[in-house]
Amino acid sequence: MAPLRVLCVHGYRQNGGSFREKTGALRKLLKKHAELVYLSAPHCVQEAGGEEAPEKENGNVDPKGWWFSDVQARSFSALQQCEESLGLDESVKAVREAVRIQGPFDGILGFSQGAAFVAMLCFLQEQKLEPEFSFRFAIFVAGFRSACEEHKRFYNSPLEIPSLHVFGLEDRVIPDSMSRELLLSFQDPQVLTHPGGHFVPAASAHRQTYQDFLNRF
């Protein structure tokens, strides 16, 4: 059987290349089950605070974001309440293009801001607003609901897409309470918790959960 193809959506201040590097252990863990394909967000992020601390050890080259919660500052915080955001439409277009050119994809995986974005993409798919999208499953790592007022529509009704939600009990960037809130947006969410912080876990202890989920497809 050919491995499943999974589109991977990075966190704020990352890009497709840096996220690929950071998920090397996950790629190794899933190599017989899934081919991970990485996408970069269309928006450049200015150097300053934000949801995820700059990754100094990697030089944090070319940080990107999927949308900005502060329209004036062009910055993002998962905790920031806002009336409107900036940049989401361009990001949806970037995913649409990736699906058209690099697809089809069996599933989609998002991390942090990318996971919050993936939840929105799942809503658009189920509402048949994006005919290019045909993801059969979604994996959310350190996901959350956007605090932006204009994004409330994405959480109107529970989504049917099979979902796996992964989060760390010691995550200081996206507390597990925020990830648990996202569970309410899905009809039958599967959950994998780990004792660590803000990263994509890929220890041998997690292999079975990932594989059991992927084996359904």
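Cβ-Cβ distances below 9 Å connect the following pairs, each with a first residue in region 150-168 that is in contact (Cβ under 8 Å) with a residue 24 or more places away in the chain, a second residue that is basic (Lys, Arg) and crowded, with 17+ Cβ neighbours inside 10 Å, and a separation of six or more residues or different chains: His151/Arg145; Phe154/Arg145; Tyr155/Arg145.
Among the candidates Ser75, Ser91, which residue alone is under 24 Å from Ser177 (Cα atoms) and buried (at least 16 other Cβ atoms within 10 Å of the Cβ)? Give the derivation first.
Details: Ser91 fails: under 24 Å from Ser177 (Cα atoms).
Ser75 is the lone residue from the list that is under 24 Å from Ser177 (Cα atoms) and buried (at least 16 other Cβ atoms within 10 Å of the Cβ).
Where residues in region 1-40 are assigned to a loop (DSSP other than H, G, I, E, B) and touching an Asp or Glu at 6+ places or on another chain (Cβ under 9 Å), which of them is surrounded by the most Cβ atoms within 10 Å (Cβ to Cβ)? Per the stated criteria, the residue is Gly11.
So that you can scan it fast, the table gives a plain yes or no per residue for (1) more than 14 Å from the chain's Cα centre (by Cα); (2) of a type in the set (S, T, N, Q); (3) open to solvent by 10 Å² or more (accessible area, probe 1.4 Å):
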position: Lys128; (1), (2), (3): yes, no, yes
position: Arg136; (1), (2), (3): yes, no, yes
position: Pro158; (1), (2), (3): yes, no, yes
position: Glu170; (1), (2), (3): yes, no, yes
position: Ile174; (1), (2), (3): no, no, no
position: Phe213; (1), (2), (3): yes, no, no
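Answer with yes or no whether Ala94 is modelled with pLDDT of 95 or more, out of contact with any strand residue (DSSP E or B) (no Cβ under 6 Å at 6 or more places or on another chain), in a helix (DSSP H, G or I) and closer than 26 Å to Gly168 by Cβ. In short, no.
I'd like to check something: does region 142-155 contain any residue that is closer than 21 Å to Phe217 by Cα, out of contact with any Gly (no Cβ under 6 Å at 6 or more places or on another chain) and at pLDDT 95 or above?
Our first condition is that a residue be closer than 21 Å to Phe217 by Cα; within region 142-155, this holds for none.
No, there is no match, as no residue in region 142-155 is closer than 21 Å to Phe217 by Cα, out of contact with any Gly (no Cβ under 6 Å at 6 or more places or on another chain) and at pLDDT 95 or above.
Just a yes or no: is a residue in region 101-110 among the polar types (S, T, N, Q), under 16 Å from the mean Cα position of the chain (by Cα) and open to solvent by 10 Å² or more (accessible area, probe 1.4 Å)? Checking region 101-110: not a single residue is among the polar types (S, T, N, Q), under 16 Å from the mean Cα position of the chain (by Cα) and open to solvent by 10 Å² or more (accessible area, probe 1.4 Å).
The set of residues in region 78-88 that are out of contact with any strand residue (DSSP E or B) (no Cβ under 9 Å at 6 or more places or on another chain) and either open to solvent by 80 Å² or more (accessible area, probe 1.4 Å) or without any contact (Cβ under 8 Å) to a residue 24 or more places away in the chain (or both) contains only Leu79. Write out, first by first residue and then by second, each pair whose Cβ atoms fall under 8 Å of each other, whose residues are 6+ apart or on separate chains, and whose first residue, in region 100-115, is under 25 Å from Ala2 (Cα atoms) and aromatic (Phe, Trp, Tyr) while the second is in a helix (DSSP H, G or I) and open to solvent by 10 Å² or more (accessible area, probe 1.4 Å). The qualifying pairs are Phe105/Val99.
Please tell me if Phe117 is open to solvent by less than 40 Å² (accessible area, probe 1.4 Å) and either among the hydroxyl-bearing types (Ser, Thr, Tyr) or part of a helix (DSSP H, G or I) (or both). It is true that Phe117 is open to solvent by less than 40 Å² (accessible area, probe 1.4 Å) and either among the hydroxyl-bearing types (Ser, Thr, Tyr) or part of a helix (DSSP H, G or I) (or both).
If you check Ala142 against the conditions, is it out of contact with any Cys (no Cβ under 9 Å at 6 or more places or on another chain), in contact (Cβ under 8 Å) with a residue 40 or more places away in the chain, open to solvent by less than 10 Å² (accessible area, probe 1.4 Å) and on the phi > 0 side of the Ramachandran plot?
Numbers: out of contact with any Cys (no Cβ under 9 Å at 6 or more places or on another chain): yes; in contact (Cβ under 8 Å) with a residue 40 or more places away in the chain: yes; open to solvent by less than 10 Å² (accessible area, probe 1.4 Å): yes; on the phi > 0 side of the Ramachandran plot: yes.
For Ala142, the condition - out of contact with any Cys (no Cβ under 9 Å at 6 or more places or on another chain), in contact (Cβ under 8 Å) with a residue 40 or more places away in the chain, open to solvent by less than 10 Å² (accessible area, probe 1.4 Å) and on the phi > 0 side of the Ramachandran plot - is met.
Of the residues contained in region 4-25, one or more are found to be at pLDDT 95 or above, under 16 Å from Val118 (Cα atoms) and more than 13 Å from the chain's Cα centre (by Cα).
The values are calculated or read from the model by the stated rules, or taken from the named source; none is laboratory data. On a predicted model such as this, the values are computed, not experimentally measured, just so you know. Don't worry about glycine lacking a Cβ; one is built from the backbone with ideal geometry, like all the others, and counts go over all protein chains shown. Side chains included, ligands, DNA and RNA excluded: accessible areas come from the protein's heavy atoms. Shrake-Rupley method; radii C 1.70, N 1.55, O 1.52, S 1.80 Å.
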